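The values are calculated or read from the model by the stated rules, or taken from the named source; none is laboratory data. Since this is a predicted model, take the numbers as computed values, not measurements. Note that we place each Cβ from the backbone using ideal geometry, even for glycine, and neighbour counts take in every protein chain shown. Just the protein is used for accessible areas: all its heavy atoms, side chains included, with ligands, DNA and RNA removed. Shrake-Rupley method; radii C 1.70, N 1.55, O 1.52, S 1.80 Å.
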Amino acid sequence: MGMALSRHTCITMLCIVSIGLWSCEEGPPRDVAEQVDRVEPAAVDIAFEEMADESVYVNGSRGQESIRRLTRAQFERSVKTLLGDDIVVPTVAEPDVARGGLRAVGASALTYTARGVESVETVAYAVADQALSNDSKRQVVVGCELGGDQAPNCAEDAIGRWATRAWRRPVTAQEQSALMSVYTGALETLGNPVEALKFPMAAILQSPHFLFRVEVAHGVSGDEEKSLPAHELAARLSYFLWNTPPDELLLAAVSDGRLETRRGLFDQAKRMLADARARDGIRSLFDDHLKLYELDHMSKDPTVFEHFNDKLGAYAREETLRLIDDLVFAEPRDFRELMTSTVTFINPMLASIYEMPAPKPNAFGRATIPESKGRVGILGHVSFLATHAHSRASSATRRGLAVRTILLCQNIPPAPVDVDTSIPEPSAADRTLRERVAKHLESPSCAGCHRLTDPIGLGLENFDGIGRHRTTEYDTVIDPSGELDGTYFSDAVELGTAIKEHPAFVPCVVKVVSRYAVGRMEDAVEREWIDTLTDRFAYHNYQLRPLMLELIVSPLFRRVGLLRTAR
């Protein structure tokens, strides 16, 4: 075979062995106990059983089983969990796709293209090269001595440990043997145990057992309703709360059977929410929900917006995520304040846009926005205002659409392909955006949708396309009043309150958390359970971590098969 074992040769070997690989054709937070003392599985039982007492099985209403592809962020975090935070993980050339407003839901409908498979192969070898690149790194990753008589045992132990952690379940004897065959074949060719070990490591990272999360209740038949198997439940829990694979303590709870009880599941969830990694999990959830990832590619015309530069998107994203962290962890309080808070976290660049002093000279700091700025909650953040605007101008339609679809979980149909959606240019008669978008309301083909979006977005017209405050447009005073489903507001501050108090806002938060956790849209039956969780959210004064705990011990999270609904 020559002195070097090519990647193509290795992939061919992996196709031969039957271990389920690709076919040849294809800072700690505050103690959570303060918030969750009233969250107990028994209390949740009472709430759900009140509905279930008068319930029936509904034919065909099965909690969907799924196979979820790891998102790009989950791929990266999973590799770092396995091999170390200092590993640089190249981006896999297979994009995430949002469905139901979330990439976490879209992952249930995605696989890999041929290009994606090639990309995974390249990334797997790049990662393996780094993990085994020097003596100190190998000692941490391998954990034993690869030289001498103990080399085969050391390699076997390392391979078994990596596969178990990467695949989030015990490795079978057949799988272990197949991976060792890859190692011994490479060792015979290369004569170097370190180089040979790269091949089974790359194989583990290319396996569907790593790249996909299986959430299937084995043995479910007929009208039976069963919990997810413990390893699959552990992965669902860990990716929900931390966006990483299960840790050793969670795996131990699987091994000794504790995770198969609701008390055991509850105790693990409570432990994990008190861990610093929960902060990363919350950031991942709302990065997905609020589409903050779009800020990675934010582009604005610098001749129109002199405060724009290529760092603004990252800073804007950080501001919003820090506010959410503050609401959930630092000073846990009513999550609805996301829409009305005057507290924010800004650095000098954002402070210059908000026209207020920076709390710290070269870093982010906590700040209170003066009432005179007319800016509250995320509606006043650059992240929201700039993302839902054009490259050279604001957009009442885009901002109103974001309120409807992201914050209220409502569906607005796309514009017909043959409809002209352009806004008239400013003129002597129509100078402000309010005057120009009124043209949409005169067109029968446009008015239906624009009546749902534009009166909301016009409430944010005091902010330009990157979120800088203004009172006039083309020397004409801006009117920021508007209406949201019968609630009239005079400006962005009152709009924030109108959204906070809208009957769809709180249920939307619950739906988003649930969809993110289980990777699917709720069906007609599951909406009943969402309603119960919404009531429980109110019971806990709209604090997010108690909601997450109650979701975890609810049937929505734990079970597949036929769910029950009220008569």
- Message: For region 256-301, which chymotrypsin sites (Phe, Trp or Tyr not before Pro) pass both filters: DSSP loop (anything but H, G, I, E, B) and at most 11 other C-beta atoms within 10 Å?
- Response: none
- Query: Over region 495-560, what percent of the accessible surface lies on carbon and sulfur atoms, probe 1.4 Å?
  - Reply: 47
- Message: Rolling a 1.4 angstrom probe over the protein chains, ignoring ligands and nucleic acids, what is the accessible area of Glu331 in square angstrom, nearest 10?
- Response: 90
- Order these peptides, 360-369, 509-518, 462-471, by their mean beta-carbon neighbour count within 10 angstrom, highest first. 509-518, 462-471, 360-369
- Under 23 Å Cα-Cα from Lys80, which lysines qualify once same-chain neighbours fewer than 8 residues away are excluded? Lys137, Lys198
- Item | Cα gyration tensor shape of region 277-386, rounded if a/c is under 1.5, else prolate or oblate by comparing a/b with b/c | oblate
- Starting from the Cα gyration tensor of region 471-532, take the square roots of the eigenvalues, sort them a ≥ b ≥ c, and report rounded, prolate or oblate (rounded when a/c is under 1.5, otherwise prolate if a/b is larger than b/c, else oblate). prolate
- Amide H of Glu473: which non-local residues (sequence gap of 5 or more, or other chain) have their own amide H closer than 5 Å, using H built in the peptide plane? Ile478
- Message: What does the C-alpha gyration tensor say about the overall shape of region 120-208? Classify as rounded when a/c is under 1.5, otherwise prolate if a/b is larger than b/c, or oblate.
- Response: rounded
- Message: I'd like to know which of Val214, Ala252, Ala186 lies farthest towards the positive end of the charge dipole of region 157-266, counting +1 on Cβ of Lys and Arg and -1 on Cβ of Asp and Glu.
- Response: Ala252
- Query: What list of ³J(HN,Hα) couplings, whole Hz, do you get for region 110-115 from phi and the Karplus terms 6.51, -1.76, 1.60, once you set θ to phi - 60° and write x for glycine and proline?
  - Reply: 10, 10, 10, 7, 4, 5
- Task: Please give, to one decimal in nm, the separation of the simple spin-label points placed at Met521 and His390, each 7 Å out from Cα toward the Cβ.
- Result: 3.1
- Message: If you average 1/r across every pair of different Cα atoms in region 259-309 and take the reciprocal, what Kirkwood value do you get, in Å?
- Response: 14.2
- Query: For region 319-375, what is the per residue volume of the convex hull drawn over the alpha-carbon atoms, in cubic angstrom?
  - Reply: 76
- Item | region 80-142 - percent of accessible surface contributed by carbon and sulfur, probe 1.4 Å | 51
- Message: I'd like the Karplus ³J(HN,Hα) series for region 76-90: coefficients 6.51, -1.76, 1.60, θ = phi - 60°, whole numbers in Hz, and an x wherever there's a Gly or Pro.
- Response: 4, 5, 5, 5, 5, 5, 7, 10, x, 5, 7, 6, 8, 9, x
- Query: How large, in Å, is region 138-183 by the Kirkwood hydrodynamic radius built from its alpha-carbon pairs?
  - Reply: 10.9
- Task: With 22 Å as the limit, write out which pairs from Lys300/Lys500; Lys291/Lys511; Lys270/Lys500 have Cα-Cα distances beyond it, or answer none.
- Result: Lys300/Lys500; Lys270/Lys500
- Message: I need two numbers for region 74-229: Rg to one decimal and Dmax as a whole number, Cα atoms only, in Å.
- Response: 17.5, 57
